[in-house]
Structures are given as C-alpha cells and as structure tokens.
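See structure below.
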C-alpha cells in the first residue's frame with residue numbers, strides 16, 4: 001500500500017514538470033512571433049533607398065548585339081591557270097604585305113617571257129638598221145622609242161619652193177600705167193624705185209601655183225609620194241608591239257604567284273598542292289584585322305535615328321566590364337525583312353582595335369543617339385513623368401517626405417534631366 005502511494009506521487013510530480021515546460025515553450029514561441037512581426041513592420045522605413053541630385057551625362061542610346069569582322073576582305077587568285085606547287089599559309093595565319101602565299105607551275109609563263117624578250121631584241125636591231133640606212137635626210141617623222149619618249153627620224157623631202165617664185169605677183173604699177181601720173185607729177189613707181197625679182201605681168205610671165213604643196217613637219221611621205229612605206233616607222237611599230245607582248249608575258253609570270261597586298265589574317269584557303277586552278281578563281285581570302293569592326297542589325301524603330309558619326313561603345317563577350325570607344329561608320333539604306341520584322345545593317349568601327357580579337361566573335365554595341373554632357377540628373381526610377389516636360393519626385397526633408405513637381409528635359413536610358421524644381425544635393429526617394 002505504501003509502495004503504491006509513492007508511485008502515484010512520482011507520476012503526479014512528473015506531469016507537473018511537463019506542464020511547466022510546455023507552458024514555457026508556448027510563451028517563448030509567442031514572444032518570438034511578436035518580435036518578428038514588429039521587425040517586419042519596422043524594416044521598410046529603415047531600408048528605403050534614396051538618390052541624390054547630381055551633375056553628369058544624360059544619354060539616350062540604342063543597343064543590340066553583333067559580330068566582329070575585318071573592315072575589308074581581299075579575295076586573292078592566280079591570273080593564269082595551272083597546277084598548284086606551293087601553299088605557304090593556312091587559315092588563321094597572320095601575314096605581312098608582300099609575303100608569298102601560294103604559287104603554281106611557271107615553266108610555260110617563263111618560256112613566254114623569254115620568247116618575248118628575243119622578239120623585242122630582234123625588233124630593236126631592225127630599228128637600228130633602218131635608222132642607219134636613212135641617215136642625212138631632212139623630213140622628220142615621230143615615233144615612240146622603247147623608252148617611251150619621242151624620236152625624230154630624218155628623211156629626204158622635196159625642197160619647198162620660194163613663195164616669190166612659186167606664185168609670181170604682177171606689179172600693179174606697170175601692168176596698169178596711169179597717164180595722169182606720167183604727165184602731171186612724174187612720181188617713180190614702186191617697181192622702178194625698188195627693184196624686185198618678181199616678174200611682172202607686162203613682161204609676159206604667166207602666174208602659176210606649185211602642183212606639189214610643201215609637206216608639213218611630221219609628214220613622213222616617202223619620195224615616191226606613198227605613205228606608210230617608211231622602213232624606220234615600220235621598225236618602230238614592230239618594237240612597240242614587241243614591248244607590249246613582253247609586258248603581257250611578264251604580267252602572266254607574276255600571276256603565277258599570290259602575294260599578300262596588305263598585312264592581315266588568312267581567313268580561307270581553298271586549294272592544296274597538286275590541285276588544278278583556273279585563272280581568276282579565288283584561292284585565298286585575306287582579312288584586314290587591323291581595321292576590325294562590328295556588323296550589327298537594328299530594328300527599324302531604332303535604325304531611323306542612326307546616322308554615321310554617332311559615338312558608340314562596344315563590349316566583347318570575352319572581356320566583361322570593358323568598354324571600347326567606337327563610331328558608327330555605315331547605316332544600310334535598305335532594310336531586310338525577316339519574320340515580320342524589318343532590320344537595318346549597321347557597321348560600328350573601333351576607335352582603337354583591341355589586341356587579339358577574334359574574327360566572328362560576338363559583341364554588344366550601344367549607340368548614343370542624343371545626350372546632355374553635363375546636366376542635373378536623377379535616376380530614371382526616381383522621377384514619375386506626368387507629361388513630356390513635367391514629372392514628380394518624392395523629396396526627403398527634415399519634416400518628412402514630400403511630393404514635388406519638377407520640370408524635366410532629356411529622358412535618358414538611366415537618368416532623367418532635371419531642368420528646374422530641384423537643386424544639386426537634394427535627396428529623393430529612389431523608387432516609389
């Protein structure tokens with residue numbers, strides 16, 4: 001009996017201890033909840049973001065993405081057909097101006113050059129012989145020498161008759177004597193006072209003109225009156241023709257090699273050693289990577305505001321955080337329709353091309369359409385526009401936050417220009 005009472009007492013004591021512990025736990029939970037609710041109500045007032053009116057650039061820009069490409073590409077080819085004997089580069093190689101990139105078999109072209117040189121030497125010998133055979137003549141003919149100048153060739157010519165003997169002029173005073181002059185005043189006539197070799201009409205001479213006019217200087221008519229029979233002229237023409245043939249052969253020989261016209265990067269190589277190529281077909285494409293630019297497309301709503309010369313910035317995918325100055329250099333005048341959207345191609349050139357850029361890599365471009373270089377500004381989220389020129393802000397003062405109306409100017413992408421209503425240093429609620 002005594003043992004049962006002790007057990008009951010221990011059980012009752014245990015129940016009291018659990019009840020006390022449970023009560024304490026409930027009180028702690030209620031207190032924690034009340035504290036959390038109070039903290040949630042107080043946090044927005046203490047964490048409200050503010051912005052200060054300052055001075056700086058306000059800019060409106062349009063942005064898109066594009067790819068890097070060389071400012072110019074050169075398609076290089078052989079000028080004659082043949083078998084490729086040498087290719088010294090591959091895609092991706094950097095080359096210098098004048099470097100030999102590829103060659104074809106030049107044996108035929110070299111043979112044509114040698115034949116043309118022999119033909120020119122024979123023609124020049126013939127010209128020298130013709131010059132010697134016509135030494136001492138007086139007619140002058142013009143011909144082009146091998147040096148490209150003008151050579152004068154002397155020839156025999158028919159002497160030019162004197163004008164006084166070829167066309168006798170009758171003396172008027174003797175042909176028509178005047179009786180009044182002989183009786184009234186014996187004035188000597190010009191024929192008697194100044195003797196002349198010209199026969200007068202009264203002396204019985206009949207005036208006549210020469211049947212062969214004098215050849216002008218440069219007229220290479222031969223002695224028998226037939227033009228085109230001058231051996232010097234014929235020899236000179238043969239020299240000229242031989243020179244043209246030699247120049248063509250030398251150009252064909254030079255065309256058996258491809259050399260880099262500019263320094264740049266090899267973009268494509270389409271032929272290998274042993275391949276047959278046709279003259280004029282592209283074998284190598286060379287890019288001018290020193291003048292890299294970004295090719296991008298803008299929707300028509302943005303492209304209408306773009307003109308050449310606008311400032312821009314370029315951000316490369318492999319260099320986050322870096323911005324490179326650039327300029328719009330071309331805006332396509334004709335758009336391209338795709339999926340019910342019209343876009344216009346735009347080229348943006350680096351002010352200074354970064355080192356080690358990759359052809360075809362992606363880039364983000366931002367073109368500044370209009371800007372205010374130094375104006376009062378606030379973050380765009382702090383100003384609620386009312387109309388085109390008016391907005392409201394929530395100004396923080398010592399007496400509390402107040403709504404104030406302001407005059408706004410340019411509404412840029414990140415900032416809004418404050419024309420009046422606020423002063424530099426005023427603090428407003430950044431987002432409301």
Exercise for the section: Kindly put 94, 105 in sequence by how many other C-beta atoms sit within 10 Å of each C-beta, fewest to most. Expected result: 94, 105
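Using a 10 Å cut-off around each Cβ, can you sort 401, 356 from fewest to most neighbouring Cβ atoms? Each step should come with its number before you reach the end.
Working: 401 16, 356 5.
Sorted ascending by nearby Cβ count, the order is 356, 401.
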Practice task
Go through 251-259, 379-387 and give me the packing order, highest mean Cβ count within 10 Å leading.
Solution key: 251-259, 379-387
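To make sure I understand, if each residue's beta carbon is the centre and we count other beta carbons within 10 Å, what order do 297, 81 fall in, fewest to most? Intermediate values should be presented prior to the final figure.
On the way: 297 19, 81 14.
Final ranking by Cβ density, sparse to dense: 81, 297.
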Completion exercise
Once both label points are put 7 Å beyond Cα along the C-beta direction, the residue 262-residue 110 separation in nm becomes 3.3 nm
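Quick check on segment 244-309: take the gyration tensor over C-alpha atoms, sort the square-rooted eigenvalues as a ≥ b ≥ c, and tell me if it's rounded (a/c under 1.5), prolate or oblate. List each step's numbers first, then the result.
Details: a/c = 3.12, a/b = 2.38, b/c = 1.31.
Here segment 244-309 falls in the prolate category.
Dividing the Cα radius of gyration by the Kirkwood radius, what Rg/Rh value follows for segment 243-362?
Values: Rg = 20.5 Å, Rh = 18.1 Å.
My calculation of the ratio gives 1.13.
None of the figures in this text is laboratory data; all of them are computed from the coordinates on show. Note that the structure is predicted; figures quoted are calculated from it, not measured. Neighbour counts are summed over all protein chains in view; Cβ atoms, including those assigned to glycine, are modelled from backbone coordinates with ideal geometry.
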